[in-house]
Amino acid sequence: MGCVQSFRELCDRPKKTNVHVSLPIVCFVWQTAMIILFGIFIRYNEESDTHWIEHRKAKNISSDIENDFYFRYPSFQDVHVMIFVGFGFLMTFLKKYSFGAVGFNFLIAAFGLQWALLMQGWFHSLDYTDGKIKIGVENLINADFCVAGCLIAYGAVLGKVSPVQLMVMTLFGITLFAVEEYIILNLIHARDAGGSMVIHTFGGYYGLSISWMLYRPNLDQSNRLHGSAYHSDVFAMIGTLFLWMFWPSFNSAVTDHGDGQHRAFINTYLALASTVLTTVAISSLFQKHGKLDMVHIQNSTLAGGVAVGTAAEFMLMPYGSLIVGFCCGILSTLGYIYLTPLMEKYLKIQDTCGIHNLHAMPGVIGGIVGAITAAAATESVYGAEGLANTFDFEGAYKDTKPTRQGGLQAAGLCVAICFGIGGGIIVGCILRLPIWGDPSDDHCFDDQAYWELPQEEEEEESNPTVLQYNNHHTHNKDIAVSNFTMEQN
Amino acid sequence: MGCVQSFRELCDRPKKTNVHVSLPIVCFVWQTAMIILFGIFIRYNEESDTHWIEHRKAKNISSDIENDFYFRYPSFQDVHVMIFVGFGFLMTFLKKYSFGAVGFNFLIAAFGLQWALLMQGWFHSLDYTDGKIKIGVENLINADFCVAGCLIAYGAVLGKVSPVQLMVMTLFGITLFAVEEYIILNLIHARDAGGSMVIHTFGGYYGLSISWMLYRPNLDQSNRLHGSAYHSDVFAMIGTLFLWMFWPSFNSAVTDHGDGQHRAFINTYLALASTVLTTVAISSLFQKHGKLDMVHIQNSTLAGGVAVGTAAEFMLMPYGSLIVGFCCGILSTLGYIYLTPLMEKYLKIQDTCGIHNLHAMPGVIGGIVGAITAAAATESVYGAEGLANTFDFEGAYKDTKPTRQGGLQAAGLCVAICFGIGGGIIVGCILRLPIWGDPSDDHCFDDQAYWELPQEEEEEESNPTVLQYNNHHTHNKDIAVSNFTMEQN
Amino acid sequence: MGCVQSFRELCDRPKKTNVHVSLPIVCFVWQTAMIILFGIFIRYNEESDTHWIEHRKAKNISSDIENDFYFRYPSFQDVHVMIFVGFGFLMTFLKKYSFGAVGFNFLIAAFGLQWALLMQGWFHSLDYTDGKIKIGVENLINADFCVAGCLIAYGAVLGKVSPVQLMVMTLFGITLFAVEEYIILNLIHARDAGGSMVIHTFGGYYGLSISWMLYRPNLDQSNRLHGSAYHSDVFAMIGTLFLWMFWPSFNSAVTDHGDGQHRAFINTYLALASTVLTTVAISSLFQKHGKLDMVHIQNSTLAGGVAVGTAAEFMLMPYGSLIVGFCCGILSTLGYIYLTPLMEKYLKIQDTCGIHNLHAMPGVIGGIVGAITAAAATESVYGAEGLANTFDFEGAYKDTKPTRQGGLQAAGLCVAICFGIGGGIIVGCILRLPIWGDPSDDHCFDDQAYWELPQEEEEEESNPTVLQYNNHHTHNKDIAVSNFTMEQN
């Protein structure tokens, strides 16, 4: 801890938010690298290539409708909406950071999905005959999933970092994700349809560790902006609802054709419905006069979708899904009420969006639920073929027993936590270097640092006292006049 | 009427909006009940169960793509968006009730869909061999439909009831809906693809009757908040557009595979397009200087989708759809201009969102259109097989004539109206009991009653005169200072 | 130019924004005409007709899932969202023109799609045996496409025209579009899956030419409203993101079943991702302190989707898509920074939304990319069957060589530009007639001209100085009182 402390002091130089050179360079260089790497490695797979018609005949596929595109495209589009509108708008709740929330989310997701196609491709879709990665709709869904991990991490540091830092965080996040995912899904052979472990646990702890490394003792200087406004809360509900509605697609997007997708969707739908009720109950119970808190409604209502991720494709049973949602609504809301303040005070982790309550903790619960459900699987419930299909007991894993699978699931969960925390600490160290243009404490949560704001907003920003007090007549008049003059130009 | 009046007086005690105990209890107990009932009754059906692969082979189904999931999931997701974003945001138009609109909509929909799965399941999907309800994607769509009926009713009482009242209203609403639906679709054997009768007519009159029972003579005390603001009107357009765009999915979601879904979607798309033009025409014609009224654009543009619901799967013909939309745009807009004020003045029905013009009246029109279209069906237009498929003339109904089907449709419409009005009056009586924590007249349409509002908003709320006049310097300064002090904590 | 000038003077009479008579008449008469024409011409096709079951047996189609509805409906819904929410909200960025942006977009799209079904139907889907147009899901997608062309043109004149002018502009726009499309796709036999040429180039130049004809020398009188506000920029991001996310569906909606849709979606997804990074880079590079400009993020990030439209279904290769996106992000953002001001100053083209940078220029690039990619196609890359399928080398075009196809593509691009400019000039002349109720220069970009605004907004509008200065106590008090009085009524 001593060395961490001294490293911190080393980094605590006066901050300048100028990203005039660094941001364009990062964007140009990395995008150029993507083009080169895509040129070398990435090609269409047999379902998106013009040779599909020959492939179809060779494989005796009766109709174009059996192209994987038609199985997965509706789910893909829902996932895509979650990534860009869901995550983006969920974070617009801060009164003066809506541009940053939705804009930087857009930027890092657009970069992340390209890098994810490469990283995941090398691990999963590399065709050894010609050294190319062959992509189709499933790869693109997985790239969106991979990006989700980084966007979760963004939630922890929202308003406190520069876009360059976010790009760096995404570059390393995607890389770590791909390795962790390969270990969990391929080496350990755990199942994780909706990514409770792979996406949410990893992403959550990755973000929390980075936030811990970037701890700002004097963040209360930004308190003026560290809250929501009426309209920004309504904008955030757009994000919440699109995440909530499309979560069934998220958890079923890459599960098995047929019953796999069907069941994953039902389980997620039910878990989410259940979460809403317990979130409302706890929110009302723990507030003065029973009033509801928008923070809980915006976030905790989603915890059930996270927690049912791993087990969504299993025979969790409808009531099982409801129980998972029930518990997560309670735990997540209590987390916002008690845990987040404690974490800031004692653990020095400042978690802007409360991702610990929405992703990390429900992700761990999801991993545990998955392990238990897998261990409890029986042939009488699943059927022989169903058991083999659901848990992919094929090839080398032909003789795996469900109880052993439960252990593998638990091992996968541990890997996700370790990668999240370990990776986050390392990347956090890198991000502390005083070269990234992050804002000083009193410019946190303020779009003005990185965005050209509309005239009147800028005015308001730079003269907050005038507008708050609203009683210095002459001064106020001058401003109005100067404002008018500026608009004339 | 005398006894109603005295009952009203009995109930008119001073109101307290505290739901500190009641809301958590209702949420917890009802959600627990759901878990128990789901545990006893609800299982996956053969298309979402791991035994699907065996089922597939037994039924000689050639590909996973013929799982009902792939026929209906895209439509399901659209319907889901309508329920949560569509209805939720449509009601955000009030300047200070956006949290309540979108938040309570979320709460009651999440509860309602669980209860609907059970209620509808008992009537429609109960497997008598093992006493279980087997659910798949179609059940989940129907649950969303069922919820829609209650959300329509919410529109009539928006801003005037507590969340506990809404939960009670939903519990009874879903129950009544399931019974009514069973009578109309199964006993009477009427067809109602898009639910003009089953959903909109029932939901509309259910809400209006409740609103009549909850009549508030002094509601003008809330006039200050009983209107829209510029941004809240834009938020409401999000709801309008998602409802408008996805209505074709709503009306086609549970129709027959193949041409049934295809035709229902085309008819709805056309009816809605036509409605927009006549809504704009009437809105402009009846306003000073021809200016358009956002209330009409937000609501009446949707009336065509309601009115084409029943007949959407019939051979209504493209021009028929346009005619239905044409008429509904006119009638619905005129309803907003003339009928709503009259209903409040003479019938004592306060209809916040004007659901009579958007759902009840177009629903009745839809029922009538359905009856006429069914009665006019001929084998020359439909083809023999087509006629039997479309009207489900199978089994006991093999020899039904189209003219008789027209009569059945009309009978169904009457049942929907009776259930709506009768059920609404009874439930309205229950909701008048002074135990539900509903707001006093001067706290209606105000989020402050049930929500923690962002600091500055609360300030604004509690000192409206100060901000309106904006000229008591010392007072204003004190507030700004106290505001600052509060933010420091 | 002299005659243009004198015509301009003739038209420059004082303007009145009253559309009290003209708007209702236009809506009623045109909608009635639609009903009559639909009655005469439009019927269901064999996939949406009740005879589908017979058709299915006759054609030996094994399952209902092979109805075109299931191939295209998810894409259709995404396109529908782009048209109504995407285009509508993208234009809400002006601080006081959100109602007009989203409302008039709604109106003209609803009319346009009906007229497009007829116009495109006569050219493409007329059944010569009975003189009827047979419609199915693909026709409805194409109608939405056709509407997109007119909505693009709306972007150039946003805030400067009356709804009646927009209706006229749409009527002629759809007509021109259908002819132009028929020439390009059928007579010239160019391919244009995503409509880079047919939709974006045409729509862009059509709008720019109209805007040139409607040049307002004194538009700076509206400068007060010619900008965005913080919240209106966030609303615009809703439009941006839905366009961005669903653009892959746009470009793949009417491509070939199977690999065609699959590949078009992948190419578009990648091009768009690449565009985001270069847009951010240029935006940051060319602003003071490297701050990002919301105008660029809202618009230029979409240019890649436009530019990849024509080539989306070709074997552009993933890296090819990235390169197209890379270039378009740069060019489009530079266009906003340098070209738009120059075009206003020297060419007298006032382009409110900058459609030249978002649609016209990227559309031309898309046409060129398409021509090059087509000319470079080889059998070794596409396979013999794949080449014939992709470029539709069938029937009379059986022996077309790819190089020749490249020439045809280029010819198509020229036709699109000519139709856009020529049509725009003619329609612009018509729209200059002083009978359409367009706003005077100082009422541009102001919703008050055509919309009933919420009370407080209207107050604000009519007394801007009072609210800006905020220090005339007595006056201010009077207004507050009168406001209160008005609300009492």
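Note on the stretch B:27-47: residues that are in contact (Cβ under 8 Å) with a residue 12 or more places away in the chain and within 28 Å of the chain's Cα centre (by Cα) amount to 11. Screening A:Y182 against (1) among the hydroxyl-bearing types (S, T, Y); (2) assigned to a helix (DSSP H, G or I); (3) farther than 25 Å from A:W122 by Cα leaves a single unmet condition, (3).
In the set (1) surrounded by fewer than 24 Cβ atoms within 10 Å (Cβ to Cβ); (2) under 27 Å from C:I238 (Cα atoms); (3) facing chain C (nearest Cβ under 7 Å), B:L285 fails one condition alone, (2).
Matching residues to (1) within 9 Å of chain B (Cβ to nearest Cβ); (2) at pLDDT below 90:
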site: C:S63; (1), (2): yes, yes
site: C:Y70; (1), (2): yes, no
site: C:V79; (1), (2): no, no
site: C:G88; (1), (2): yes, no
site: C:L94; (1), (2): no, no
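Look at the stretch A:352-378: where a residue is touching a residue at least 12 places away in the same chain (Cβ under 8 Å) and over 21 Å from A:Y206 (Cβ atoms) and a partner is open to solvent by 10 Å² or more (accessible area, probe 1.4 Å) and not in a helix (DSSP H, G or I), sitting 6+ places away or on another chain with Cβ atoms under 8 Å, you get A:V369/A:L316; A:T373/A:M315; A:T373/A:L316; A:A374/A:R191; A:A377/A:M315. The one condition from (1) in a helix (DSSP H, G or I); (2) open to solvent by less than 20 Å² (accessible area, probe 1.4 Å); (3) within 24 Å of A:I184 (Cβ to Cβ) that A:C327 does not meet is (2).
Here is a yes/no grid of residues against (1) at pLDDT below 95; (2) surrounded by fewer than 24 Cβ atoms within 10 Å (Cβ to Cβ); (3) within 18 Å of C:G88 (Cα to Cα); (4) charged (D, E, K, R):
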{"position": "C:A101", "(1), (2), (3), (4)": "yes, no, yes, no"}
{"position": "C:W122", "(1), (2), (3), (4)": "yes, yes, no, no"}
{"position": "C:D127", "(1), (2), (3), (4)": "yes, yes, no, yes"}
{"position": "C:K134", "(1), (2), (3), (4)": "yes, yes, no, yes"}
{"position": "C:E138", "(1), (2), (3), (4)": "yes, yes, no, yes"}
{"position": "C:V157", "(1), (2), (3), (4)": "yes, no, yes, no"}
{"position": "C:Q165", "(1), (2), (3), (4)": "yes, no, yes, no"}
{"position": "C:L185", "(1), (2), (3), (4)": "yes, yes, no, no"}
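Residue by residue, here is whether (1) open to solvent by 10 Å² or more (accessible area, probe 1.4 Å); (2) facing chain B (nearest Cβ under 9 Å); (3) in contact (Cβ under 8 Å) with a residue 24 or more places away in the chain holds:
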| site | (1), (2), (3) |
| --- | --- |
| A:H231 | yes, yes, no |
| A:L243 | no, no, yes |
| A:S252 | no, yes, yes |
| A:Q261 | no, yes, yes |
| A:L272 | no, yes, yes |
| A:M294 | no, yes, yes |
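No other residue among C:A303, C:A312 is open to solvent by less than 20 Å² (accessible area, probe 1.4 Å) and in contact with a Pro (Cβ under 8 Å, 6 or more places away or on another chain) apart from C:A303. Take the conditions (1) part of a helix (DSSP H, G or I); (2) of a type outside the set (F, W, Y); (3) within 10 Å of another protein chain (Cβ to nearest Cβ); (4) in contact with an Asp or Glu (Cβ under 6 Å, 6 or more places away or on another chain); B:Q221 misses just one of them, which is (3).
Whenever a residue of the stretch A:410-433 is touching a residue at least 60 places away in the same chain (Cβ under 8 Å), its partners that are of a type in the set (G, A, S), lying with C-beta atoms within less than 6 angstrom and at least six residues away or across chains, give the pairs A:G412/A:A190; A:L413/A:G367; A:I421/A:S209; A:G424/A:S209; A:I425/A:S209; A:G428/A:S209. For the stretch A:135-174, enumerate the residues that are closer than 23 Å to A:S228 by Cβ and not in a helix (DSSP H, G or I). Correct list: A:L158, A:G159, A:K160, A:V161, A:S162. Mind listing whichever residues of the stretch B:411-438 are under 23 Å from the mean Cα position of the chain (by Cα), in a loop (DSSP other than H, G, I, E, B) and either surrounded by fewer than 20 Cβ atoms within 10 Å (Cβ to Cβ) or of a type outside the set (D, E) (or both)? Matches in the stretch B:411-438: B:W436 only. Condition check: crowded, with 24+ Cβ neighbours inside 10 Å, within 28 Å of A:D392 (Cβ to Cβ) and at the interface with chain B (Cβ under 7 Å from one of its Cβ atoms). Does A:H257 satisfy that? Here the answer is no, as A:H257 does not meet what is asked.
Just one of (1) more than 15 Å from A:I266 (Cα to Cα); (2) in contact with an Asp or Glu (Cβ under 9 Å, 6 or more places away or on another chain) fails for B:V81. It is (2). In the stretch B:198-235, what residues are modelled with pLDDT of 90 or more, farther than 19 Å from B:G305 by Cβ and among the small types (G, A, S)? Scanning the stretch B:198-235 gives B:S209, B:S211, B:S232. Every condition in (1) open to solvent by less than 10 Å² (accessible area, probe 1.4 Å); (2) under 26 Å from B:V234 (Cβ atoms) is met by C:T268 except one, and the failing one is (2).
Checked against the criteria, B:V161 does not count as among the β-branched types (V, I, T), within 12 Å of chain A (Cβ to nearest Cβ) and buried (at least 24 other Cβ atoms within 10 Å of the Cβ).
To keep it simple, each residue is scored yes or no on (1) away from chain A (no Cβ under 14 Å); (2) buried (at least 23 other Cβ atoms within 10 Å of the Cβ).
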| position | (1), (2) |
| --- | --- |
| C:G195 | yes, yes |
| C:G207 | yes, yes |
| C:S211 | yes, yes |
| C:H226 | no, no |
| C:V234 | no, yes |
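The values are calculated or read from the model by the stated rules, or taken from the named source; none is laboratory data. Since we're looking at a predicted model, the values are computed, not measured. Quick reminder, even Gly has a Cβ in these numbers, built from the backbone with ideal geometry, and neighbours come from all protein chains shown. Side chains included, ligands, DNA and RNA excluded: accessible areas come from the protein's heavy atoms. Shrake-Rupley method; radii C 1.70, N 1.55, O 1.52, S 1.80 Å.
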